[in-house]
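Just below is one structure, and these are the notes that go with it.
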Amino acid sequence: MVTHAFFKALLFLGSGSVIHAVDGEQDIRKMGGLKKYMKTTYLTFLIGCIAIAGIFPFSGFFSKDEILLHVFTHGNFGKVYLILGMLAALMTAYYMFRLFWVTFHGQYRGGHDKHPHESPALMTIPLVVLAILSLIGGLIGIPEIMGGNHALHHFLSPVLIRSTASQAMVHEVSHTAEWILMGVATVIALMGILMAWFYFKSYQSQKTNTGVSRFFENKWYIDEMYDGVIVKPLQSLSRWTEKIIEKSGIDGVVNGVGRLIQYSSNKLRLLQSGLVGFYLFMIVAGMILLFVIQIWFNKF
Amino acid sequence: MLILLLILFPLLGGILIWLLSDKLASIAALFVSIVVMVLSLVVYNQYHHGLHEELIYQQPWISQLGATFSIEISNGLPLLMVMLTGFVFPLIIGAWYNKPIEKASRFYGLMFMAQAGLMGVFLAKDALLFYVFWEVALIPVYFLSSMYGGARRIPVTFKFFVYTFLGSLLMLVAFLYIYQQTPIHSFSWDSLVSTGKSISPANQQWLFWMLFIAFAIKMPVFPFHTWQPDAYEQSATPVTIVLSAIMVKMGLFAVVRWLLPVLPDGVKYWMDVVMWLSVAGIVYASCMAMVQTNIKRLIAYSSIAHIGLMAACLFAPNADYLSVQGAAVQMFNHGINIAGMSIIVGILEHRLGTQQLDEMGGIAKIAPYFTVGLVLISLANIALPLTNGFIGEFMMFNGLFNADSKYRVWLTVLAGLGVILSAVYTLTMVQKVAYGPLKTTSMGFTDLELNEKIVVILILLVILILGFYPKYLLELVNI
Amino acid sequence: MNAIVISALLGVLMMLSGLFFKRSAAIQWTAIAGSAILLIGSILELIPAGQNKMFYGMLELHHVSSWFNVLMSACVMLYILLFHRSIAKVGRNDAEYFALIFFVMCGIYLMSMYSNLLILFLGIEIMSIPQYIMAGSDKENIKSNESALKYFLMGSFSTGILLMGITLIYGATGSFDLLSPKFTAVFQSGADPSSLAMIGVLLLIVAFGFKTSSSPFHFWTPDVYDGSPTAFTPFMASIVKVGVFMAFIRLFHLSFIQMASHWQLMMALMIALTLLIGNITAVYQQSVKRMLAYSSIAQAGFMLFAVFSTNQTAWDGMMLYSVAYTLSTLGIFAVLIKMKDYTYDGFKGLGKKEPVLAATATICLLSLAGIPLTGGFFAKYFVLNAAMEQGLWIALIIFAVLMAAVSAYYYFKVIMSMYFYEGDAELTEESNAVEKTLMIMNAVLVILLGVMPGLILNH
Amino acid sequence: MPSQYYLFLGFALFCIGVMGVLMRRNAIIILMCIELMLNAVNLLLVTFSKMHQNADAQLFVFFIMVVAAAEVSVGLSIIVLMYRKVRSIDINILNRLKN
């Protein structure tokens, strides 16, 4: 989780740089071969991809490894989750490198009027910084098995005085198991990369794939699914909440109190009818009422 | 004596600036704010070297009541808040140095009066004094946001004012009640704390709400928050920064200082309710933030979400106060980050004349410096590691997860959901503003000017230094 | 004694001055000089502690009341300084108006010093009858006539109730003298008083409640304050009301304190009603003058807390409230009287046009709303503290602060009009440098009280 | 005759006065009813004075009479003022000031 943010940001910025390079084009099928136009972005993007795939010694490796480890040690369903996690790792490696190969290798497929160019230093410097962080970000979290001592935890040691107990528990898992897990994770990630390389190394044309590839081509329709299942409903739910709960509900209550006061003011002022006779009557009536209450409660 | 200057200097400076001409006002304001910042650093130095006698000032005030004018920096939290107050003002004034402000002398005069009030709130060790400063900080801000800002500013600010005024009156009643129970009739913090413990739990329970509502309105915590997006949207951005970076911290600070130690039984009884409210607020405000089209409202909701996490952590009890420490760190960092964010947004608003996200886009192409600032501050805002936001957030989650509450897992999960959503809407906002095709409405945008560059670089420096090396910050909150 | 004699003599002198001086300015200067003499006279009478019996034991100058007299003399001097031109402008009989003011002051001094119910009755009447005339002094204005008639009819009705109360108490005790053994035997012995005495005390509450415009006896207040010439309203709303409160707290805390449980319930109900009606009704008002009339009802609700809570803090609270409320009312009316249009709209743009007036009004309004660093805050604070010290009716205190929050609504509406809205606030006349200085002084005093309330309480 | 009779008479007169104030609309009659209340009080005071063997209250009665006279003179002049304006002494005609 901790290091994830580095390479996510790196990839995010990297794609920003790429998009910048090709003047706003976002479709990777219209890119390709950008390697020769933008070296810095290429390298940093590569680092990001490797990191996210979880290859040793990049930061993604350790974080992923630790997550898997935690998952493994967690309860009865640990194994199931582990397998799912491995699958996910495979897919991550696969799709990231697909993106990578398609974008940076092969021939440039954009129009001839477009001339890809490296982004200005202002954009590349953060990229480089983040790439380095992705590299070493993992090292500071190297598990003790490799002689590291979790520099990140020490870095946060004032924070974590009391949490050492839970740490110790995690490391009760045998080092052998940890090694095996690491190996498996790396192998899986490499498999993903190789798959991507195999399919997209020389991605050339814009031909329409069919069948299963088409399904893959469209990212398993995951974007659409994601969009349809999570983003859209969440947004419309939020819109609904804003309208109903925020504006009419909470704010309605707050403003309603104000309006209630205005309204009761409007009614109460009618007591002040301007007629002396009424005033005198109210004085006497109020007096008698107060007397009754006071005397009643004093049991006189 | 030194500590008294923290209040007196901005107060007198504010009055003097009010009397100056508008031309001189901004340079004088810059000077005063920098002096206050230096003062706060000097105070930090004193504290760091353990010279505590300089950090206490006492003077008899209203002997009939047992109220003293007593201000003190007794631990790291008030110091952090003083430093935050000291830092943010020069940033605001620096960033607005090149922008015309109508009647600048009045504007800055009121700003410094607000600063004096804020300093007083963070320093007061006497409940009555605290209350007085609490209101005194509010009045100049009320005038500022009513005089400068959007078209609906007057009713919106008034709603804010009445809301907080009501809350603070309830707080006053609670203080009065506790005060009447004190054996020596004193308002001092110590006597309130020692007396508060002995109040019967049944009474503590209602007293808790009297105090909590006052603080919750200020923070604002979930159902008491509706003043805030409107107020942020409609106020002029410098005022929004004062509101969002410092004033909301008043509520959190007050919880730590005047609620948790004073009414332990009440807190114990209601903490689950408060934590649920706060955490619900996180998710709720994050969802709200996702659908905002107005960039200032978006930031307002994101601030509610962040504050919700801090509020939840303040009430999450655990043996080592980890979550409270985390919240204390985050109070400072959130102040810096939201100030940076608002300054960026203020620049956007000033250049483009709009707050609508739809009308922004592709600014990265024409304003690279601006974009770097925007992106990095946004990353700090979503608590990316190695930015300052991360440290506090990490501690808070750790503390929340280890909280002594049976709902701790659920609370942590929901709060974590809030963090993910925060990344979603913040990055979407960045993308809409900076990337994509350049919109015609954003055509006239010019990159940062010198003073803005300096301010943004300073903020980035703070973000990165505290992110890489948070030792000094963490030292302060080691309660 | 000094203050009573001087004020009565000054009243006569002012009436005669109308014969000697043809120029209004000379009369006004006489009045100012007279108020200064009154102030000096009451300062000379100041006693640091204890009490001083005089006038065959019918007056008792308590150290609190001597200090109260000084403060009220100072306030009336400020009032005359701020308003003398407007008072003279009300009609042709300027000398008589000032005479009436001094007569009212005589009544107030009697009421702060009485130790005999006869003096109390005389004090209230000496204070009230001139006010009927003041309310109707703008003879050409039908509103003024109406307010005078309403005030007179209801005022004399309440006199009847007051007298009935005094009579019943006399019937129960056989004495009018609050300090006589017969009187204290009934009320201070700790035994439950007879029904006769009980009803008498309750009737006195009604009579005082009427004069202090507490609900449900407040009905005259908005109409009279609204209809009276604006020059007299601040006097009636501040100094006079505060004087009655002094008499109220004096009687109930010094004489009826042992039977507090027999009247506190009724008082609590009156407080709740007064706060509710005063604050809520004020919200809807369109005219600032009428809003201030309702606000004076609301403020009376807070002052009732001082009477309600039988402890020393209540006295401090009453003193502080008297001065803070009087200063704030004088300040805001000093601005109001310059305005051509009394509606909220009429105030629009005043902040730009007349910064001094607007600032004075703002500070006074903040004080009335009870914002810290103004006298009004500590005034409210002390009376609420007194009630809290009583330990009863905490719900009532919470209700009071809720109503205080409501009150912010109508006070701030004026501030909003002055500063935040564009407009062209029209004045009837420009205020001269002296008046502006006085207004600033008034505002500074209000703030001074808010920073150091001890200034007033140390005596 | 026992003094209670005087007391009852006094209370009855006072109540009649109050009822009169409440029920009549003529300003002069209301004024008279108020006077009736004051006189009832006077009667009561004198009776109590007799009961307590104490002359204080009789002194008080004189003060009440004097004050009542002053009050009536002011009141009548106000009523005259009003009559000049609206040609009526019905109290409910005057309701310009309200709400």
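Relative intensity of segment C:364-459 on a log10 scale, I(q)/I(0) at q = 0.11, 0.21, 0.23, 0.24 Å⁻¹, equals -0.46, -1.14, -1.21, -1.24, per a Debye sum over C-alpha point scatterers of equal strength in the absence of solvent.
Using Cβ counts within 10 Å as a stand-in for footprinting exposure, how do A:Cys49, D:Cys33, B:Cys287, B:Cys313 rank, fewest first? Spell out each step's value before the answer.
Details: A:Cys49 28, D:Cys33 22, B:Cys287 25, B:Cys313 32.
Ordered by Cβ neighbours within 10 Å, fewest first: D:Cys33, B:Cys287, A:Cys49, B:Cys313.
Going 7 Å from the Cα of C:Lys352 in the Cα-to-Cβ direction, what parts of segment C:388-417 have a backbone nitrogen less than 20 Å from that spot? Answer for segment C:388-417: C:413-417. Take the alpha carbon gyration tensor of segment B:77-122, find the square roots of its eigenvalues, order them as a ≥ b ≥ c, and report rounded if a/c is under 1.5; if not, report prolate when a/b exceeds b/c, else oblate. In terms of gyration-tensor shape, oblate. In this simple spin-label approximation, B:Leu19 and B:Asn478 carry label points 7 Å from Cα along the Cα→Cβ vector, and these lie 4.7 nm apart.
Ellipsoid semi-axes for the protein assembly as shown, based on the Cα gyration tensor and the rule √(5λ), read 73, 31, 27 Å when sorted largest first.
Computed from the alpha carbon atoms alone, the convex hull of segment C:1-76 holds 74 Å³ per residue. With all pairs of separate Cα atoms included, segment A:226-266 yields a Kirkwood hydrodynamic radius of 11.8 Å. With a Förster radius of 45 Å applied to the beta-carbon distance between D:Arg96 and A:Val253, the computed FRET efficiency rounds to 0.70. Of interest is the spacing of the C-alpha centroids, which for segment C:76-131 and segment A:255-292 amounts to 30 Å.
Using the count of nearby Cβ atoms within 10 Å as a rough guide to exposure, how do A:Val254, A:Val187 rank from fewest to most?
A:Val187, A:Val254
Beyond 43 Å, what percent of the Cα pairs of chain C remain? Beyond 43 Å sits 8 percent of the P(r) for chain C.
Cα axis of helix C:24-44 to longest principal axis of chain C: angle in degrees, 0 to 90, nearest 10? Between helix and principal axis, roughly 40 degrees.
Where does each of A:Phe100, C:Phe55 land when they are ranked from fewest to most other beta-carbon atoms within 10 angstrom? Mind dumping the intermediate values first?
On the way: A:Phe100 25, C:Phe55 16.
The most exposed by this proxy come first: C:Phe55, A:Phe100.
Using the Cα gyration tensor of segment C:392-442, with a ≥ b ≥ c the square roots of its eigenvalues, what is the shape: rounded (a/c below 1.5), prolate (a/b larger than b/c) or oblate (neither)? Because a/c hits 1.5 or more and a/b fails to exceed b/c, segment C:392-442 counts as oblate. One equal scatterer on each Cα of chain B, no solvent, Debye formula: the resulting log10 I(q)/I(0) at q = 0.06 Å⁻¹ is -0.24. So, in Å, what gap is there between the alpha-carbon centers of segment C:223-259 and segment D:65-90? Between the Cα centre of segment C:223-259 and that of segment D:65-90, the gap is 24 Å. Working from label points 7 Å from Cα in the Cα-to-Cβ sense, the B:Lys406 to B:Asn75 distance is 2.9 nm.
List the pairs from C:Lys89/C:Lys413; A:Lys267/D:Lys98; C:Lys338/C:Lys436; B:Lys99/C:Lys352; A:Lys243/B:Lys249 whose alpha-carbon separation is above 21 Å, in the order I gave them. Violating the 21 Å Cα-Cα cut-off are C:Lys89/C:Lys413; B:Lys99/C:Lys352; A:Lys243/B:Lys249. Could you state, as a whole-number percent, how many of the C-alpha pairs of segment C:40-148 are farther apart than 16 Å? Tail fraction, whole percent: 64. Does anything in segment C:155-194 have its amide N under 17 Å from the 7 Å Cα→Cβ label point of D:Gln4, and if so which residues? Backbone N within reach: C:172.
Taking Rh as the Kirkwood radius computed over C-alpha pairs, what is the Stokes-Einstein D of segment D:4-98 at 10 °C in a medium of viscosity 1.306 mPa s, expressed in µm² per second?
Numbers: Rh = 14.7 Å.
My calculation gives 108 µm²/s for D.
For segment B:389-479, the calculated P(r) over all alpha carbon pairs, in 10 Å bins from 0 to the bin holding the longest distance, is 13, 25, 33, 19, 9, 1 percent. The alpha carbons of segment B:274-479 occupy a box of 55, 35, 20 Å along the principal axes, longest dimension given first. Charge dipole of segment B:274-479 (Cα centre as origin; +1 on each Lys and Arg Cβ, -1 on each Asp and Glu Cβ, all else neutral): 260 debye, rounded to the nearest 20.
Report the full-extension gain for the segment C:Ala49 to C:Lys139: residue separation times 0.36 nm, less the Cα-Cα distance, to one decimal in nm.
27.8 nm
Figure legend: label point modelled 7 angstrom from the Cα of B:Gln180 along Cα→Cβ; residues of segment B:110-130 with amide N under 17 Å from it are B:128.
Taking all pairs of distinct Cα atoms, average 1/r, flip it, and tell me the Kirkwood hydrodynamic radius of segment C:123-234 in Å to one decimal place. Could the numbers behind the result be given before it?
Working: mean 1/r = 0.0652 Å⁻¹.
Its Kirkwood hydrodynamic radius stands at 15.3 Å.
For segment B:1-141, how big is the tail of P(r) above 17 Å, as a whole percent of Cα pairs? Please report the intermediate quantities before stating the final value.
Working: 5744 of 9870 pairs.
Tail of the P(r) past 17 Å holds 58 percent of the pairs.
Read-outs: derived from the displayed coordinates by stated rules, not from any lab. All values reported here derive from a predicted model rather than from experimental measurement. With ideal geometry, Cβ positions are generated from the backbone for all residues, glycine too; neighbour counts draw on all protein chains shown.
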